Amino acid sequence: MELKGRTALVTGGASGLGRAVVERLVGAGMNVVILDREKSEGATVAAGLGKAAHFEPSDVTSPELVKKAVDGAVARFGGLHVGVSCAGVGAAARTLGKTGPMDLEVFRTVINVNLVGTFNVARLCADAMSRNQPTADGERGVIINTASIAAFDGQVGQVPYAASKGGIVAMALPMARDLMKNGIRVVTIAPGIFDTPMLAQVPEDIRRALGESVPFPSRLGRPAEFAALAQHIVENCMLNGEVIRLDGALRMAPK
Ligand SMILES: NC(=O)c1ccc[n+]([C@@H]2O[C@H](COP(=O)([O-])OP(=O)(O)OC[C@H]3O[C@@H](n4cnc5c(N)ncnc54)[C@H](O)[C@@H]3O)[C@@H](O)[C@H]2O)c1
């Protein structure tokens, strides 16, 4: 699908990978709605990008708020063609820790934001996309979800996060099959370790060691590299129902 003049909604678009996608898509001539938490940097990011960007304070877990954001994107820009889910949270907790079993709320919260939130956004974006005029290829929309290599090589303390991302991986093919009649493609990106604010809290020596653990190139991924893949997915009509690892051949160790 050609990007120019079309509209994308990017969750988690105020920070890190989502922000890089927002900047790249606006640079390629798209209108973009940044869906992120009220307290995020969304307003500042949107203000820096001019009229093509709009900030929608929201929460991916809310059916009402996400519907409002999707309807608002259609009303403001005349349609919705691309939905990119980057909103996500992590949690470090072991199944059985020093003080006992993991608090079930920790597990529920991560699943709710990462997995339920991603599905909530995808189903509502698909509904709006289904009303688009198809392209010559019969395409009406593209949905990009963000998993993690933790879906495959989850480390100690990553059960909730790995389970949520594993769910996102498992959704790619059946969602693409569900939406084939509507001309909507679904592709999931599973990033390795990227240099985003999520990682900024990690001390410099550990960040360096994480970068050196990547076979090639031996460094942290750049958000712009994630955004470049997102753009390619939108433009390449043959990519569908697939999960793409973007990780420099990294396979995570147990810890
Ligand atoms: N950075 C990495 O190394 C890495 C690796 C693999 C996967 N990922 C995944 O990529 C995605 C983006 O990560 P990032 O590193 O850019 O993180 P980040 O913390 O920089 O950005 C995440 C954004 O999501 C938003 N968000 C969180 N909960 C939300 C909610 N309920 N509703 C709306 N917005 C919400 C946050 O406000 C934030 O702006 C996440 O899903 C993360 O799990 C990141």
- As straight-line cross-link partners of LYS67, the qualifying aspartates and glutamates (C-alpha separation under 18 Å, not fewer than 8 residues apart within one chain) are ASP36, GLU38, GLU56, ASP59, ASP127
- Restraint check, LYS68/LYS181; LYS4/LYS181; LYS51/LYS181, Cα-Cα greater than 30 Å: LYS51/LYS181
- Cα-centred dipole magnitude for the stretch 127-255, charges only on beta-carbon of K, R (+1) and D, E (-1), debye, nearest 20: 180 debye
- Reachable lysines from LYS165, Cα under 20 Å, same-chain residues fewer than 8 places away excluded? LYS255
- Message: Using helices alone, I'd like the mean residue ellipticity at 222 nm for the chain: each DSSP H run of four-plus residues gives -39500 (n - 2.57), total over residue count, nearest 500.
- Response: -12000 deg cm²/dmol
- Antiparallel content of DSSP bridges confined to the chain, in %, to 5: 5 percent
- Query: Taking the Cα centre of the stretch 7-245 as origin and charging only Cβ (+1 Lys, Arg; -1 Asp, Glu), how large is the dipole, in debye to the nearest 20?
  - Reply: 180 debye
- Query: Once the principal axes of the Cα atoms of the stretch 7-245 are found, what is the range along each, listed largest first in whole angstroms?
  - Reply: 55, 35, 33
- Message: What do you get for GluC sites (Glu not before Pro) in the stretch 5-80 restricted to DSSP loop and a cutoff of at most 16 other Cβ within 10 Å of the site's Cβ?
- Response: GLU38
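Rule-based calculations on the coordinates, nothing more; no lab input. Model, not experiment: these values are computed from the prediction. Because the Cβ atoms are built from the backbone with ideal geometry, glycine has one as well, and the counts that use them run over all protein chains shown.
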